[in-house]
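Trainee: A single structure is presented below for examination.
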Amino acid sequence: MDPEKIRASLSDLQITQIRYFDEIGSTNDEALNWLESGAVEYSLVVADSQTKGRGRFDRKWITNPGSGLAFSIIIKPRENEMRRLSLFAPLGALAVARALEEAFGLSPQIKWPNDVLLVGKKACGILAEASWNGASLKGVVLGIGVNISKASLSPTLLAIFPPTCVEEVYCKPIDRELFLMEILRNIINLRQALTTPEFLSDWQEHLALKNEHVMLENGDGNSVVGRLRGVAPDGSLEIELDDGTVKHFLIGDVRLKPAGTKREV
Ligand code: BTN
């Protein structure tokens, strides 16, 4: 990536605190350290490649050189956002989805809670982490990884969900600096509606697997099957079990119900 092009394109968004790395362990780790030493709102860490990128449930997210987008933006939640910290990861997903629609005319969906899918396959993952000092919140690090070219499709991704990359669907080269700017512009704009019903309906409109029979895995080996009904205002997933009761889940990973799976386990 070209750090000067990144700086120039982000100056209009008033993002001026940028740390760029050709290679880094994890942009989220760098941003969490920066937060400790007094980073301001919308400080940004961008890397061309990551050797120890992290995903949800401690999974690996490796970013090969020249193949993807890997960045972390620091957000200082406002008073009205404090009770809705779980919405920052979906904010990132919706911002990526909007950027894919506006810049490339694609039709992304969001697999709850915050994976962005293209043609039903995962093109982007998001890891939001909060940093606390006792009861006081220092900030949220919103880390976003997007597969851009085929070289981004590492075997570690295959283990998570069938992956794809933006260029496979768009069929033309992607300008990564421009795409980064579009995502960040959408994060800043959509954040204004974060605590409103509009944000929830925008998220619902992009929701993948709606009304499908799904399996929700909670990361520690337990799973639930049922029909995916939607997202509640607190960001939890609504699943209708086979007996008709609707349960809410705040943590987990969703996939289509594999054949033969019958009941809650
Ligand atoms: C997931 O799908 O489980 C989330 C993947 C999040 C990866 C991004 S890449 C930029 C940022 N830095 C990290 O170490 N992780 C996130």
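Trainee: Within 10 Å, count the other beta carbons around each residue, average over each peptide in 190-200, 60-70, and list them highest first.
Mentor: 60-70, 190-200
Trainee: Report Rg (one decimal) and Dmax (nearest whole number) for the chain, counting Cα atoms only, units Å.
Mentor: Cα-based Rg and Dmax for the chain come out at 17.9, 58 Å.
Trainee: Sequence neighbours fewer than 8 away in the same chain don't count; with that in mind, list the lysines whose C-alpha is under 21 Å from LYS257.
Mentor: LYS111, LYS121, LYS122, LYS210, LYS247
Trainee: Using helices alone, what [θ] at 222 nm do you get for the chain, with -39,500 (n - 2.57) per DSSP H run of 4 or more residues, divided over all residues and rounded to the nearest 500?
Mentor: Details: 7 runs with 69 residues, N = 265.
Taking each H run of at least 4 residues, the total per residue is -7500 deg cm²/dmol.
Trainee: From Cα pairs below 8 angstrom and at least 6 apart in sequence, can you work out the relative contact order of segment 180-256, rounded to a whole percent?
Mentor: Numbers: 101 pairs, mean separation 18.4, N = 77.
Answer for segment 180-256 is 24 percent.
Trainee: Shifting gears a bit: Set Lys and Arg Cβ to +1 and Asp and Glu Cβ to -1, take the dipole of the chain about its Cα centre, and tell me which of LEU209, ILE187, VAL140 lies farthest positive.
Mentor: The Cα lying farthest towards the positive end belongs to LEU209.
Trainee: Lysines within cross-link reach of LYS76: Cα-Cα under 16 Å, excluding same-chain residues under 8 positions apart?
Mentor: List returned: LYS138.
Read the figures in this text as sums done on the coordinates, not as results from a lab. Please read these numbers as outputs of a predicted model, since none were measured by experiment. Ideal geometry is used to build each Cβ from the backbone, glycine not excepted, and the neighbour counts take in all protein chains shown.
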